Amino acid sequence: MLFFADPVAAFANIGCALRPGGRAAFVCGAYAEGNEWLRAFAALGDLLPVGGFGAPGGPGMFSLADVDRTRGLLSAAGFADIGATRVEAYGTWGRDAADAAGFLLDSGPGRHLMGQVPPRTRECARHRLTEILRPYERDGAVRLLSAALLVTAVRAA
């Protein structure tokens, strides 16, 4: 689970900072099929150990992607009126395909995956990802669609 060894305890702690009836809201990764950057990573599956990266409920940024599980965690932590709404937005990932590939592969999940393969494979992955991202270059930027959940909840009285 992203950041939390015990997500119920973590959300209960957040709830303690709210007055009864106080509202919490956050955005979390969800809907792997709606994330163009994740599909680009998946295309590197023969080069990098992508495995189940992006699967709902798995480790990392998609750990809260399963709506029913997230509702259960928040409910167990003392929240009520839990809502989850799909949201989508385009983000700028770089100036061009090479810049965006560098950003994706040199930070977070990309750095982790690249660290597990030899230098020659890293070079191949960087080249392929650059080519995958080339069609997304427009007006001096690479913009990719991302999908997430906007989760809202109220601290129970």
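Side notes on the structure shown:
- In this rough spin-label picture, where each label sits 7 Å from Cα along the Cβ direction, the F26-D139 distance is 3.3 nm.
- If you wrap the Cα atoms of segment 1-124 in a convex hull and average its projected area over all directions, you get 8.9 nm².
- In this structure, the amide hydrogen of D96, modeled 1.01 Å from its nitrogen in the peptide plane, lies closer than 5 angstrom to those of V142, counting only residues at least 5 positions away or on a different chain.
- Electrostatic bookkeeping for H127 treats Lys and Arg as +1 and Asp and Glu as -1; over the other residues with beta carbon under 12 Å from its beta carbon, the sum is +3.
- Spin-label pair L150-A89: with each label point 7 Å from Cα along the Cα-Cβ axis, the two points sit 0.9 nm from one another.
- Counting only DSSP H runs of at least 4 residues, each contributing -39500 (n - 2.57), and dividing by the residue count of the chain, the helix-based mean residue ellipticity at 222 nm comes to -11000 deg cm²/dmol.
- Under 12 Å, Cβ to Cβ, from R23 - net charge with Lys/Arg +1 and Asp/Glu -1: +1
- Cα-based convex hull volume of segment 82-150 per residue, rounded to whole Å³: 90 Å³
- Portion, in percent, of the accessible area of segment 6-157 that falls on carbon or sulfur, probe 1.4 Å: 55 percent
- Solvent-accessible area per residue for segment 48-154 (1.4 angstrom probe, square angstrom): 52 Å²
- For the pair R39 and A10, the difference between a 0.36 nm per residue extended length and the Cα-Cα distance amounts to 7.4 nm.
The values are calculated or read from the model by the stated rules, or taken from the named source; none is laboratory data. All of these numbers come straight from a predicted model, not from anything done at the bench. Using ideal geometry, Cβ is built from the backbone for each residue, glycine included, and neighbour counts are taken over all protein chains shown. Quick note on the areas: whole protein, heavy atoms, side chains included, nothing else; ligands and nucleic acids left out. Shrake-Rupley method; radii C 1.70, N 1.55, O 1.52, S 1.80 Å.
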